[in-house]
Amino acid sequence: APIRPVTITRGYRSTQAILNFAKSLLPASQRDAQSLQAGGIPPTVRPAKTAKARNGIVEEEAVRLCSAYPNGQVAIIVPRDDLETLQTDLLKKGWLRKPHHVWSKGGYRTKVLTPTTARGIEFDAVVVVEPGAFPRNVGRVGQLYTSLTRANRELSVVHHRPLPDELRRHGRG
């Protein structure tokens, strides 16, 4: 028998606030997804003047989220091209690199992942770094959407390059 695709319109992982933020990346016909977790904390968007300043803000956000979810899991998701500079900065600031993408400092613990290594995993809170640098595939931003929706409860976006057109309205204010 022919296979009939079914479009999922109910989200189970992320809050409605996170879905509302991320779904602007989807084609208009696919933006009707609703979450079982109504409401939620609106995502934070923090711009920086330079990559070095951006990395400092990423660390601030990771520490803030680790404090907010002390028994949860926090991740930083960064495009591969920005991974090395972020990791170098974390090492200089006293973070220790452990197996399985885990980084720790002063009782805080986070994972530092690329969009590819973050697929299929969920976290209480996520810091997405440089969304404008995420790769596009046939004009679509699937890796970015997937990275944004890894967060179950809280999302922070940190950037120094321009945001993707689809997210620019969120970067104002």
Taking the full set of protein chains and a 1.4 angstrom probe, give the accessible area of residue 165 in square angstrom, rounded to the nearest 10. 110
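Computing the accessible area with a 1.4 Å probe over protein heavy atoms, can you report the carbon and sulfur percentage for segment 47-173?
Heavy-atom surface of segment 47-173 belonging to carbon and sulfur, 1.4 Å probe: 50 percent.
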Keeping all protein chains in place and using 1.4 angstrom, which order do 59, 166 fall into by accessible surface area, from largest down? 166, 59
Taking 7 Å along the Cα-to-C-beta vector as the label spot, tell me the residue 133-residue 16 distance in nanometres, rounded to one decimal. 3.5
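Evaluate the charge dipole of segment 49-173 about its Cα centre and quote only its size in Debye, nearest 20, assuming +1 on the Cβ of each Lys and Arg and -1 on the Cβ of each Asp and Glu.
Approximately 100 debye in magnitude.
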Overall form of segment 52-134 per C-alpha gyration tensor (a/c, 1.5; a/b vs b/c): rounded
State the extension gain, in nm to one decimal, for the chain segment bounded by residue 96 and residue 81, taking 0.36 nm per residue of separation less the distance between their alpha-carbons. 3.3 nm
Which lysines, if any, have their Cα less than 25 Å from the Cα of residue 23, not counting same-chain residues under 8 positions apart? 111
Take residue 166 and residue 44, extend 7 Å from each Cα along the Cα→Cβ direction, and tell me the distance between the two endpoints in nm. 2.5
Applying the Karplus parametrisation 6.51 cos²θ - 1.76 cosθ + 1.60 with θ = phi - 60° to the phi angles of segment 150-159, what ³J(HN,Hα) value in whole Hz is obtained for each residue in order, glycine and proline being reported as x? 6, 7, 7, 10, 8, 10, 10, 10, 10, 8
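The values are calculated or read from the model by the stated rules, or taken from the named source; none is laboratory data. Keep in mind that this is a model prediction, so the values were computed, not measured. Positions of Cβ are backbone-derived with ideal geometry, glycine not excepted, and every protein chain shown enters the neighbour counts. Just the protein is used for accessible areas: all its heavy atoms, side chains included, with ligands, DNA and RNA removed. Shrake-Rupley method; radii C 1.70, N 1.55, O 1.52, S 1.80 Å.
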